[in-house]
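Notes follow once the structure below has been shown.
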Amino acid sequence: MTKCTGHYGTPERIAADIYAIPFPSDKTLFSKTLRQIAPDLKKMVTELFESGEFTGKADEITTLATETGRFVLVGLGDTDAMGVERVRRAAAQAMKVAMKSVAPVVAIYVPLEEIVRKILPVSFEVTVSAMVEGALLAMYRYDQFRKSKAEDKKGQIKEVKIVTADEGYQSRMKSGIQESQQLVEAVEFARDLVNAPANVMDTDALTKAAVALGKKFAIKTVVLNKKEIQANKMGGLLGVNQGSSREPRFIVMEYNDKRKRLKPYVLVGKGITFDSGGLSLKPASAMEEMKTDMGGAAAVLGTMFAIAKMKLPIRVVALIPVTDNMTGGAALCPGDIIRISDGTTVEVKNTDAEGRLILADALVYAQRFKPAAIIDVATLTGAVVVALASHATGMMGNDEELKEAMTLAGNTTYERVWELPLFDEYKKMMESDIADLKNLGGRWGGAITAAVFLRHFVGEYPWVHLDVAGTANLESATDYQPKGGTGVGVRLLTEFLKNREG
Ligand code: BES
Ligand code: MN
Ligand code: ZN
């Protein structure tokens, strides 16, 4: 992980190859920024401002060279609904420029406190955290399987200096920098899991990743093998696994398991290492990205990473059912009836609706912990992508307070969630003629009917379901999310859990 440190002073006093300075578009605040952070640039930048070349508008970016070094000016714009997200993006945009140059040390300026207060408006600490997140997340690459680029000096960033020009603020940066670095590390961990191809990140590898994580942070980790899964009568997980050449696993991790007084939060992650659709086979174009069908599992593991590293004083259990969904000779057939571990029978109308089958067993298992709440994360439906594209995670649940807290955490982290309803009328759509439930709704409302199915297995416990099918994996990059695995859910759930301390 790239070194990240906090500093105070104008560019002449800070050693760096590139200096990135965010400018707001308000004229007075623009010149204040110039006066306080980079007085030496006054003439040049004023000219740029007057010619309209750089006026501090959002997404504006320009570079300058002086005797002191190279400068990247990034626009912050004016007050907008995006709030501190603007800072993440500005930091990421600056890093992208730096990564195209030979610049081992990059200095990024925190917007002046006054500006933060007027346009974002959040605390100085939150701004610093956002800068670190944006800068470091933008540097992520999945290049384990590429020839070493070590000889190329471009893009090799050794250190990111976060710099304030507000006197006395340096000491207020430390904890934010450290915590954000830890968070980014956890997000990168999740991204790596998602980006790894299915022949690498198979059942065994995903299980090993969880066990290794448990070891690293002393999180109690137990993995149920096929026999134990059978003993638990997990007919959903076993059913989906029938067509596979690999045995299923069920991962149970307990963070702070000794603190029995605390009711745990149980996180459930969908761990389908590859989803061919089973006998209800997916078309090639839809199957292509199905190595990412363990994005929910990655989010849960990444969250365990983050909360353990930050030593949050709460109890959290992670449950991850793991298998691929394949078409072997013993595969589930459309029309088969299986039995979930609570005894519920399910008519499998479509073997491609496999996520809800393995999650059902996990949700039943979750109840034995008498949880404070159950939160499941899953790349569950194409329908949620139709509804929300990649800009929000679909949220459904049975508890208003929990959904509100999740929404708040989504807005803070900009891993936004958007609620879809679970009206009583939807229930009918999942009724089978010959079993307790069927695993397929009608043609419409697919994200909702999937959640209605899940709700059947959570009992009376407060529960939120997060459908990350559109957000866990991106077709094209954004400022700080590369194409591919995003690690979505890690920052969201960590923020959510942070607010639940005690
Ligand atoms: N893993 C898919 C959902 C998915 C779709 C994830 C696109 C990421 C991107 C899930 O198992 C699935 O196949 N869902 C079906 C359900 C249907 C058969 C009821 C779907 O959405 O088409
Ligand atoms: Mn499927
Ligand atoms: Zn799936």
Test: residue in the range 220-241 that is within 16 Å of ligand 3 (Cβ to nearest atom), in a loop (DSSP other than H, G, I, E, B) and among the basic types (Lys, Arg): no
Residue in the range 398-437 that is nearest to Pro462 (Cα to Cα), counting only those that are in contact with an Asp or Glu (Cβ under 8 Å, 6 or more places away or on another chain) and not in a loop (DSSP other than H, G, I, E, B): Lys403
Pair list, Cβ under 7 Å, 6 or more apart: the range 1-26 residue of a type in the set (A, V, I, L, M) and at pLDDT below 95, other residue buried (at least 18 other Cβ atoms within 10 Å of the Cβ) and not in a strand (DSSP E or B): Met1/Gln181
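From the list Val377, Val386, Val348, exactly one residue is open to solvent by 30 Å² or more (accessible area, probe 1.4 Å) and within 16 Å of ligand 1 (Cβ to nearest atom). Which is it? Quick ask: steps written out before the conclusion?
Numbers: Val377 fails: open to solvent by 30 Å² or more (accessible area, probe 1.4 Å); Val348 fails: open to solvent by 30 Å² or more (accessible area, probe 1.4 Å).
When all the criteria are applied, what remains is Val386.
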Residue in the range 316-323 that is within 16 Å of ligand 2 (Cβ to nearest atom), part of a helix (DSSP H, G or I) and under 21 Å from the mean Cα position of the chain (by Cα) present: no
Asn325, sole failed condition from (1) under 28 Å from Glu400 (Cβ atoms); (2) buried (at least 24 other Cβ atoms within 10 Å of the Cβ): (1)
Positions within the range 224-257 being in contact with a strand residue (DSSP E or B) (Cβ under 9 Å, 6 or more places away or on another chain) and among the charged types (D, E, K, R), in sequence order: Lys226, Glu228, Lys233, Arg246, Glu247, Arg249, Glu254, Asp257
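Select from the range 431-464 the residues that are touching a Gly at 6+ places or on another chain (Cβ under 6 Å) and of a type outside the set (Ser, Thr, Tyr) and list them in ascending order. Outline the logic, then answer.
Step one: filter the range 431-464 for residues touching a Gly at 6+ places or on another chain (Cβ under 6 Å), giving 447, 449, 463-464.
Result: Ala447, Trp463, Val464.
For the structure I just gave you, tell me whether Ala353 is in the same structural domain as Ile251 (by TED's automatic domain parsing) and either within 16 Å of ligand 2 (Cβ to nearest atom) or buried (at least 24 other Cβ atoms within 10 Å of the Cβ) (or both). Before you say what the answer is, go through the steps one by one.
Details: in the same structural domain as Ile251 (by TED's automatic domain parsing): yes; either within 16 Å of ligand 2 (Cβ to nearest atom) or buried (at least 24 other Cβ atoms within 10 Å of the Cβ) (or both): yes.
Against the criterion (in the same structural domain as Ile251 (by TED's automatic domain parsing) and either within 16 Å of ligand 2 (Cβ to nearest atom) or buried (at least 24 other Cβ atoms within 10 Å of the Cβ) (or both)), Ala353 qualifies.
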Those residues of the range 272-294 which are more than 10 Å from ligand 1 (Cβ to nearest atom), farther than 19 Å from Glu247 by Cα and part of a helix (DSSP H, G or I), in sequence order: Ala284, Ser285
Members of the range 185-211 that are of a type outside the set (Gly, Ala, Ser), within 13 Å of Tyr140 (Cβ to Cβ) and in contact with a Lys or Arg (Cβ under 9 Å, 6 or more places away or on another chain): Glu185, Val187, Val194, Asn195
Count of the range 184-202 residues which are within 16 Å of Leu213 (Cα to Cα) and in contact with a Ser or Thr (Cβ under 9 Å, 6 or more places away or on another chain): 6
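The values are calculated or read from the model by the stated rules, or taken from the named source; none is laboratory data. It should be emphasised that the depicted structure is a prediction, and the values quoted were computed from it without experimental measurement. Glycine also receives a Cβ, built like all others from the backbone with ideal geometry; neighbour counts cover every protein chain displayed. Calculation scope for accessible area: heavy atoms of the full protein, side chains included, ligands and nucleic acids excluded. Shrake-Rupley method; radii C 1.70, N 1.55, O 1.52, S 1.80 Å.
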